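S.K.: This is the structure I have questions about; it appears just below.
The values are calculated or read from the model by the stated rules, or taken from the named source; none is laboratory data. Treat the numbers as computed from the prediction; the structure is a model and nothing was measured. Cβ placement follows ideal geometry from the backbone for every residue including glycine, while neighbour counts extend to all protein chains displayed. The accessibility values were calculated without ligands, DNA or RNA, using every heavy atom of the protein model including side chains. Shrake-Rupley method; radii C 1.70, N 1.55, O 1.52, S 1.80 Å.
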Amino acid sequence: MSYKELAEKLHIKTQNIVYDYQPDATLPVADFTSLGTELTEAPVTAIKRVRVIDGEPAIIDKDYILKSIIPKVPKQAAEDSLYAYFENQLGLTIGYATKEITMAPATDEDREHLAISKGAYVAVVRSVTSLTDARAFQYTESRHRADRFSFRDFARRTKK
């Protein structure tokens, strides 16, 4: 489920503020090695945006979209919904994501954009999203204010 879809389902007023848009950047491989995928430096569209929830900055999303799969990402798509653009405009079918959640001290960038104090921590969610054909196309680091972060999971046990 996309961020926009989740916000609509939960009836949350939200806004995306794009504060950095680089149509010609390089994937920061070191940030995603812990996800266990083999990575090489590759051309990406890099997008940084603040997710504002009910008038309060809550999340920084740093998205890196592989240009080999999605050559152009309009800034307008980042301001609205990347997934709506990928699926509805490009006809891509998103299959799954691998995620890792950690806690980390807030950086200067976090403090500036999330209005948090020095010494605060953020929940860091790193993910690699793949299409149904297993091609990874999006690398994301989401940095959540710890006081607004919630994690919910559903796990099913299957017997062999």
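S.K.: Could you give the accessible area per residue of the chain, probe 1.4 Å, as a whole number in Å²?
M.R.: 60 Å²
S.K.: Describe numerically, in nm with one decimal, the distance between label points set 7 Å from Cα along Cα→Cβ at Glu100 and at Arg148.
M.R.: 2.5 nm
S.K.: Among Ala115, Ala78, Phe154, flag the residue with its Cα farthest along the positive direction of the charge dipole of region 76-160, charges on Cβ as +1 for Lys/Arg and -1 for Asp/Glu.
M.R.: Projecting each Cα onto the dipole axis, the largest value belongs to Phe154.
S.K.: Still on this structure: Magnitude of the Cβ-charge dipole of region 41-160, K/R +1 and D/E -1, about the Cα centre, nearest 20 debye?
M.R.: Numbers: 20 positive and 17 negative charges, 119 e Å.
Its charge dipole is roughly 560 debye.
S.K.: Here is a further query. Among the listed pairs Lys13/Lys160; Lys75/Lys99; Lys99/Lys160; Lys13/Lys72, which are separated by more than 32 Å between their Cα atoms? Intermediate values should be presented prior to the final figure.
M.R.: Details: Lys13/Lys160 44 Å; Lys75/Lys99 25 Å; Lys99/Lys160 25 Å; Lys13/Lys72 28 Å.
In this structure, Lys13/Lys160 lie more than 32 Å apart at Cα.
S.K.: Given the Cα-Cα distance of Glu109 and Asp31 and 0.36 nm per residue of separation, how much length would full extension add, in nm?
M.R.: Working: separation 78, 0.36 × 78 = 28.08 nm, distance 1.58 nm.
My answer for the length gained is 26.5 nm.
S.K.: Right, something else. With bins 5 Å wide starting at 0, give me the P(r) of region 44-131 over every alpha carbon pair, in whole percents.
M.R.: Pair shares across the bins are 3, 12, 20, 22, 19, 13, 9, 3, 0.
S.K.: Please give me the summed charge of the neighbours of Tyr121: other residues whose Cβ is under 13 Å from its Cβ, Lys and Arg +1, Asp and Glu -1. Mind dumping the intermediate values first?
M.R.: Details: positive: Arg111, Lys118, Arg143, Arg145, Arg148; negative: Asp110, Asp147.
Result for the neighbourhood of Tyr121: +3.
S.K.: Right, something else. Over the chain, what lengths in whole Å, largest first, do the semi-axes of the equivalent ellipsoid take, defined as the square roots of 5 times the eigenvalues of the alpha-carbon gyration tensor? Walk me through the intermediate numbers first.
M.R.: Details: eigenvalues 107, 79, 64 Å².
Rounded to whole Å, the semi-axes are 23, 20, 18.
S.K.: Would you calculate, for the chain, the mean residue ellipticity at 222 nm contributed by helices, counting each DSSP H stretch of 4 or more residues as -39,500 (n - 2.57) and dividing by all residues, to the nearest 500? Intermediate results must be reported in sequence, preceding the final value.
M.R.: Details: 3 runs with 19 residues, N = 160.
Per the formula, -3000 deg cm²/dmol.
S.K.: Grab the Cα-Cα distance for Ala84 and Ala42, subtract it from 0.36 nm times how many residues apart they are, and report the gain in nm with one decimal.
M.R.: Details: separation 42, 0.36 × 42 = 15.12 nm, distance 2.38 nm.
Taking 0.36 nm per residue and subtracting the Cα distance, the gain is 12.7 nm.
S.K.: Give a residue-ordered list of calculated ³J(HN,Hα) values for region 89-94 (Karplus: 6.51 cos²θ - 1.76 cosθ + 1.60, θ = phi - 60°; whole Hz; x for Gly, Pro).
M.R.: 8, 9, x, 7, 10, 7
S.K.: By the scheme Lys and Arg +1, Asp and Glu -1, what is the net charge of all other residues having a beta-carbon under 12 Å from that of Val50?
M.R.: Values: positive: Lys48, Arg49, Arg51, Lys62, Arg143, Arg145; negative: Asp20, Glu56, Asp61, Glu79, Glu109, Asp110, Glu112.
Combined, the nearby Lys, Arg, Asp and Glu give -1.
S.K.: If you count, for each residue, the other Cβ atoms within 10 Å and average over each peptide, how do 124-134, 18-28 line up from highest to lowest? Walk me through the intermediate numbers first.
M.R.: Working: 124-134: 15.6, 18-28: 14.0.
My ranking of the peptides, most packed first, is 124-134, 18-28.
S.K.: Roughly what would the spin-label model give for Gln76 and Arg135, points 7 Å off Cα along C-beta, in nm?
M.R.: It works out to 2.5 nm between the two label points.
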